[in-house]
Amino acid sequence: MYLDYPDSSNMKDRKKAPPFHESELKLLMRLYCDSYEEYHGRGRDSGKCGGMSDKKSLLRRFAKEVSNLGFYQRTEKQIEERLRADCKRVRKHERARIHEGQEAVLNSLPTYLHQLYECRKNKANGSGLFNLHEDDYDMKEDDTLAAWNKVEVVTPREGSPLGEHSSGEGAFMEMEDGINESIATSTTTPLARKLPRKLAKAMRSRESPSSSMDPRTVLYEEEIKLSMLRQQLALEELKLIVIKNDLARAQLERETIATERERFELERAKHEQYAEELKLFSIQQDLARAQLEKEIVALEREKLKLEREKKQCADQKAESSS
C-alpha cells in the first residue's frame, strides 16, 4: 500500500513544533470554514487536479496567516494534519452522539471546534448528497495526495511521538471513516452498495484479527485523554492561582486589621496617660488649695490674736489712768 509518509527531516521539524495555541486554532477554523468547498475541490470549476492546486494554495495561505499571529512558524504540512485530525474528531463525536442532539455534540467538543461543527452541519443541510459522500471524498483526496508523493510505507514508526500522526496514518484513518460511512448507509442508499476496490480491501484488512488500525486508534484515544487531562490540569492551576490570590488578600486584610488594632491600642494608651496626668494635676490643685486655705486660717488666727492683745493693752491703760 502506497501512502504519504514524511521523511526524517520533516519528522524532526515536526517534533520540534509546539502545540497549537487557542488563538491559532480559532483562526485556522475560521479560515477553513470560510473556504470549505474550495478546500475540498467542490467549487464550480474545480476538477481533480484543480482541486489539488486550490488546496495547496489554501494551505499555503492558512500557514502564512496562522504564522503571522507570532506564536510559531507553521508549515503547510502541520496545517493539513491539524485540519485532518480536527475533522476526524468532529466526525467521531457526531457518530458517537448522533441520537443525543446538537447540544450534546457541542458540549463534548472544545470551543474552537464549534464553528467547524456548525459549518459541516450547514453544508450538509445545503446539499443532499454532500454529507453522504463527504468522508469518502476526503479518503479519495488523501489517496490522490499519496499517489503524488509515491512513498511506500509498510508499518508506522514505533518511535513516533503521541499526537503527531503521519500523513499516511491520517489517510488510512480517513479511509476507515469512509468505510464506516459506507457501511452505515448500505441499507438506505444504492450508491453505497458498490464499494471501490481499495475500500473493499481495507474492509477485509480491518475485519482481520491482525488489523494495524488498533494501536493507532488507541494512540488517538490516548491523545484525546491527554488533551482532556491537560485542560483539567490548566483548570486546576487556575483554581490554585485563585486560591493563592484569596489567601494573599486574606493575609493582607489580617495585617491591616492587626495594624489598626495596634494603632487603636496606642491611642487608647495615650488617652489613659492623659487622663492619669489630668487626675494628678487635679489632685495637685486640690492640695495647693487646701494648703492656701490652711495658711489663710492661720493668718486669721494671728490677726484675731493681735486684736485681742491690742484690746487688752487699751484696757490696762484705761484702768491705770483712772
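The values are calculated or read from the model by the stated rules, or taken from the named source; none is laboratory data. All values derive from a computational prediction rather than experimental measurement. Every residue, glycine as well, gets a Cβ built from its backbone with ideal geometry; the counts of neighbours run over all protein chains shown.
Among the residues of the range 105-123, those identified as surrounded by fewer than 18 Cβ atoms within 10 Å (Cβ to Cβ), under 21 Å from the mean Cα position of the chain (by Cα) and in a helix (DSSP H, G or I) are L106, N107, S108, T111, H114, Q115. Restricted to the range 1-103, the set of helices (runs of 4 or more DSSP H) holding at least 1 residues that are modelled with pLDDT of 70 or more and either hydrophobic (A, V, I, L, M, F, W, C) or closer than 19 Å to S227 by Cβ (or both) comprises 22-34, 48-67, 76-96.
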